Structures are given as C-alpha cells and as structure tokens.
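Single-structure report; data block below.
What follows is calculated from the coordinates using simple rules that are stated; it is not laboratory data. Remember, it's a predicted structure, so these values are computed and weren't measured experimentally. Cβ sites come from the backbone with ideal geometry, for glycine too, and all protein chains shown count toward neighbours.
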Amino acid sequence: MEIFRVKNLSFSYPEADKKALDDVSFSVNSGEFITLCGKSGSSKTTLLKLLKPQLSPKGDKNGEILYKGNDLYTTENAVTATKIGYVMQNTETQIVCDTVIKELAFGLENMGANPFEIKRRIAEISAFFGIEEWVLKNTNELSGGQKQIVSLASVLVMNPEVIILDEPTSQLDPVATDTFFSLLEKINRQFGITIILSEHNLEQCFPMSDRVIFLDEGKIVCDDTPKNACRKILKTDMKKALPSATRIFENENNLPISVREGREIILDGYEKTTCPIVEKQNDNEEIISLKDVWFRYEKNGKDVLKGLDLSVKKGEILAILGSNGSGKTTLLNVISKLRKAYKGSVKLKNTAISSYKGNSLYRGIVGFLPQNPKTVFSNDTVREDFLESCKALSKDESVIDEISKKLSISHLLDRHPFDLSGGEIQKCALGRVMISNPEILLLDEPTKGLDAFYKSELSEIFTKLSEEGKTILIVTHDLEFSANTAHSCAMLFDGEIVCKDTPQKFFYENYFYTTSCASIAKDVVKNAVTVSQVTENLRKN
C-alpha cells in the first residue's frame, strides 16, 4: 500500500534566488525503510518537513504530496499529527517537558486521550524501550543518547504509521548510535512502521534500508536499492559518502554495503599484511596544560572532571572521544574560561588562565565553537554577525571574504542563520570563530550535520591551520573524521583521560570506539583504520 506519493514537488524559501526543491517525485510504500542522503544544504530537511504539515516551512510550494491517496495538506490535522511522527536532529528542540513521563504523555494529552489510556500506553512503550527507570527522571538529567530515545518513544507512543527522522544520531556517541539504530530497525521490522530517515552516517543505516534516495541541489539523482544506489554513486563525486566497505571493495562483483559483508570478503580472499604506523613528530612547546583538574556544576553535586591531566602541543590536532555525558563539553568549557575548575591547574601557553584578564576568547588566543552553533548568531544575516565580530576585534572586513572562500560559505552570508541547514550553520559558526585568528581552536562537535564531502574539505582546512601553528582540540563522536584528521586521539571516561595515542593505535586497539575500516580489516591488514590505509595495503591471496 502506498503511504506517500510526491509529485513534481518544488519549493522555494522567501526571497531565495533558487529553488530548495526542484521537481521532486517519489513514492513510499507502507512498511518501507528509506534512507535520504545528500550533501549538506541539499534540502533533505526541507523535504522531510514538507511531509509533516505541522512543521512545513514557509515558502512557495508547487506540486502534490499525497498521504494514502489524499492531499496531505487537506488531511485532518488530528490524523497528520498522530499518524506521521517526526524526530528532530536536536533533542533540545523536541523535548518540551521537564520529566520523561510528562514528555511521553504530552502528545496523548493534546489529542484528548483518557488518563487510563495514557497510563497504559506509557507503561507499554517504557517496557518496549527498557526505560522504566527513567520515567520519573527530569529530562535535563538525561544524556544525549537517552534524550534521543525518549524523543523516539514519545513519537511511537502515538501509534504512528510513519516515523520521519532528521539526522537523529548526529549528537550520539558510537554505542548510543548502535542502540538507537537497533531500536529503529526493530520498530520497522517488528511493527511494520514506515521509516523515512535522513542521515550522513551511512555505515549502519544502508544495510537496514529497503531504498536509498540521494538528493543533490534539491533534485533526486538516485532512487534505488542500497546496492544499486552504491553502484551508481561510486561513479560520481558523491562517492565519499558511501559506506567504508563499499569504497574498499568497489570492484567486487558482490558489492558489500556493511561491515559484515566487507569482513567476509577480506577474510576469504586476502593475505595478512601490516600497515606502517605513521607518527607525526611534534617537538613544539606545550600550549595547553591541565593537571589534577576537578570540576562539578553544583557545590554538592557529582564531580564531572576528576583529577584530569592533559597536555597538548602547539600545532597538534587532538580529538577527544567518549560517551554522551562523560564531560567532554565541560572540559572545553573549563579550558575556555566559560567554567572554572575548583581544583587543579589549567594553563595556556604556560600561563594560568586566571592571569588572562576578561574573556580570553576575544584576545586572539582561544576560539570556541559550541555544540549548538545557533548560539553564535544574533543578527538577521550571517554577514551582519561577521561584521559585528570584525568591529569588536578591530579586524579589517576583508577577512570575511577570505574566511568565506576558505569554508565555501560565501553564498550563505546574506541568509538568516536560522534558515540554514544543520551543516550550513555549522560551517558559518566556524567561520565566525575563525575571524579572531585564534592560536587555539576549541571545537565541540564541528562535523555535526556535515556531509562526507565537506568533512574532507574540513580535514584539509584543519591540517593547513595546524601547519600554520594553530592548535586544534576537537570534541567529537565522529570516529572516521578523527582517524583521518587528528594527530592524536584521547578517551575521556569517568572524568579522566584514560588513554591518548595516535589514531592508528587508538582505533586499532579499540573494539567499540573504532572505525568501520578497522573492524573490516582487523587481523588482516594490521594497524589500518581508514579506507586509504586498508586499500593501500590489501594483498590478494
């Protein structure tokens, strides 16, 4: 049964000089699992929101969207509100209640369900998700992964026929991502609920997808099964977005799209080799130093950082990894003076941060990109915010064009920041941070919402900045980006840095916090953790 049919859909935002969506047509059958892919700014979010009338953006829409054969926009509001669920990228935007149980009840109460029905449904959904222990908790006590599961549960409790998800794992750690995708697959396979998912993380969602739709500049360039889609995309510049197994074994007849399929191929036909370990020698001075640092948010609360030690040298690109709630963002806040440790030593350039008068972020020393890039903007256009920074820092306005070209955001300068896609606003926020030309960049999830193509460009930008003597500290869940970009990787656990090593040693020796390439090549191509490292050292039997 056809649940959605989109016919010749075009959409333009007010005052935009080009269409966000251009003559898009496709259908979705009941029970299908569809993954929507494409570059940042290809209008994936716009398309998904148009499938949910309550979230439909303002603009000029042409064409048809049919829901079960009827015009979606004339379908009764109560039907589209309950039967079409939507999970947003940012859980902070979606969660509206102060406790989990209230959040689960919120939609049902708005639809007029009786108290007994609400209680029964919450009990059932809590048991299904295994969150019985959370229901009385405050939502602000939950980790990012827990909040995303609550968001999914609050949608599923409404008994939807379709669940639409926009980059739902972009803020989750690898373990939470695995849990979330497992729940999503179970919902689809066990209950027959239609899933339409926008994702940049294709490693896990491709194997469970029935179809893949690729968008490019507002047009559908591919709509096919995952394997057929991969064969087509391998011939284009969108190749970098494909799963690691596909890129490693692109010439195999039975094209793999999962770690398991890639693993089967490498075990069956390739001999054991060793990838040389490359270590970047850094004899520069120490520029960030933390010794025995302790921090808690409340006087009688739990310690978030517990005797943490960290040393970062000038020009080093360090990736900090760890689970949601492990203290990674707190660490950046302490280094940037946004939070103050109650014990321990924090030094920048061998000087205690307490010696820097005022806010060091504006002294050309530290540039900080927060986890929510929207907080960087306060004006009606990106350009106005950039000009504001130039004025505050006594910088020549020519720096705006220089940075905009470097980050490929020139075409976004006259847009309202909040009208941009997740990836676009991430790039613009980084641009504003770079205006001060800081010696140290502290970046909280800088690749969130970015496609594989821009991640590659960003990796080159970071490498160039490092060669110029900039020190870059990245908090991230992006294992692939860390393996390809960082000089060293560190794991934050229970308030401490428990290990720090080169990406090759770090990822090859891990089992869960590791790259897909390392999982595919384990014990066959020793020390290989990236696509290039695997392919360059593959030897057929």
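See the values below:
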| item | result |
| --- | --- |
| Ranked by how many other beta carbons lie within 10 Å on average, peptides 180-191, 305-316 from highest | 305-316, 180-191 |
| Theoretical FRET efficiency, 1/(1+(r/R0)^6), r = Cβ-Cβ of E384 and E457, R0 22 Å, to 0.05 | 0.30 |
| Virtual spin-label span in nm between K119 and E217, 7 Å along Cα→Cβ | 5.9 nm |
| The chain: C-alpha gyration tensor shape, a/c 1.5 cut-off, then a/b vs b/c | rounded |
| Potential lengthening between A78 and E252 on full extension [0.36 nm per residue; Cα-Cα distance subtracted] | 57.7 nm |
| Shape category assigned to segment 2-236 from the gyration tensor of Cα positions, a/c cut at 1.5 | prolate |
| Value of relative contact order over segment 224-283, rounded to a whole percent, pairs C-alpha under 8 Å and six or more apart | 24 percent |
| Low-density loop cleavage sites - GluC sites (Glu not before Pro) in segment 1-100, where at most 16 other Cβ are within 10 Å (DSSP) | E15, E76 |
| Distance (nanometres) between label positions extended 7 Å along Cα→Cβ at N541 and H411 | 4.9 nm |
| Backbone N within segment 480-517 under 15 Å of label point (7 Å from S143 Cα along the Cβ vector) | 491-496, 512-514 |
| Across K39/K219; K49/K219; K374/K464; K328/K405, pairs whose alpha-carbon gap is larger than 22 Å | K374/K464; K328/K405 |
| Label-point gap, in nm, between R189 and W294 - each point 7 angstrom along Cα→Cβ | 4.8 nm |
| Contact order normalised by residue count of the chain, Cα under 8 Å, 6+ apart, percent | 16 percent |
| Segment 2-236 - share of DSSP beta bridges that are antiparallel (%, nearest 5) | 55 percent |
| Loop GluC sites (Glu not before Pro), segment 457-541 (other Cβ atoms within 10 Å of the site Cβ: 12 or fewer; DSSP) | E468 |
| Centroid-to-centroid separation of segment 372-398 and segment 110-140 [C-alpha atoms, Å] | 44 Å |
| Net lengthening on full extension, K240/K464 (0.36 nm per residue, minus Cα-Cα) | 78.6 nm |
| Sum of side-chain charges, M1 neighbourhood, beta-carbon under 14 Å (Lys, Arg +1; Asp, Glu -1) | 0 |
| Segment 186-248 and segment 95-109: distance between their alpha carbon centers, rounded to Å | 33 Å |
